[in-house]
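Below is one structure, written out as structure tokens; the observations come after it.
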Amino acid sequence: NGLGFRWGVSTSAWEKRFDELRQYRTDHGDCNVPRNWAENPKLATWVNTQRTKYKNKQVGNMHAGIITQDQIDALNGLGFRWHINRTFTSAWEKRF
């Protein structure tokens, strides 16, 4: 547009991480990327951000970032879990 905004950049970055999550699911059987996953920290951050954006959308807080219904549907199609019990997951990961 006239402001020089690059409309497609955010979408393609989202799609790149989505593809990485798809590969993670293929390799690990779920979409529960650990928060501090050293192998791909950007994916770990992205997964957490998607959960935060979804939570904000549910409560009507659109100022913290937007997640589209198409993105929600795509993540649901992978079996993405929107709510993770981090206390349980962290304890399990430490023992694993």
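The values are calculated or read from the model by the stated rules, or taken from the named source; none is laboratory data. Bear in mind the structure is a predicted one, so any value in this text is a computation, not a measurement. Ideal geometry is used to build each Cβ from the backbone, glycine not excepted, and the neighbour counts take in all protein chains shown. With ligands, DNA and RNA removed, areas are computed over all heavy atoms of the protein, side chains included. Shrake-Rupley method; radii C 1.70, N 1.55, O 1.52, S 1.80 Å.
The condition (being at pLDDT 95 or above and more than 11 Å from the chain's Cα centre (by Cα)) is satisfied by just one residue among Gly65, Gly2, Gly29: Gly29. Based on what the data block shows, is Val59 under 16 Å from Trp82 (Cβ atoms), hydrophobic (A, V, I, L, M, F, W, C) and at pLDDT below 95? Yes; evaluated as a whole, the condition is true for this residue. For region 36-68, give me each residue that is open to solvent by 70 Å² or more (accessible area, probe 1.4 Å) and either β-branched (Val, Ile, Thr) or farther than 21 Å from Lys16 by Cα (or both). Answer for region 36-68, where residues must be open to solvent by 70 Å² or more (accessible area, probe 1.4 Å) and either β-branched (Val, Ile, Thr) or farther than 21 Å from Lys16 by Cα (or both): Thr45, Lys55, Gln58, Val59, Met62, His63, Ile66. Of the residues making up region 68-96, those that are among the aliphatic types (A, V, I, L, M), closer than 17 Å to Tyr24 by Cβ and modelled with pLDDT of 95 or more number 3.
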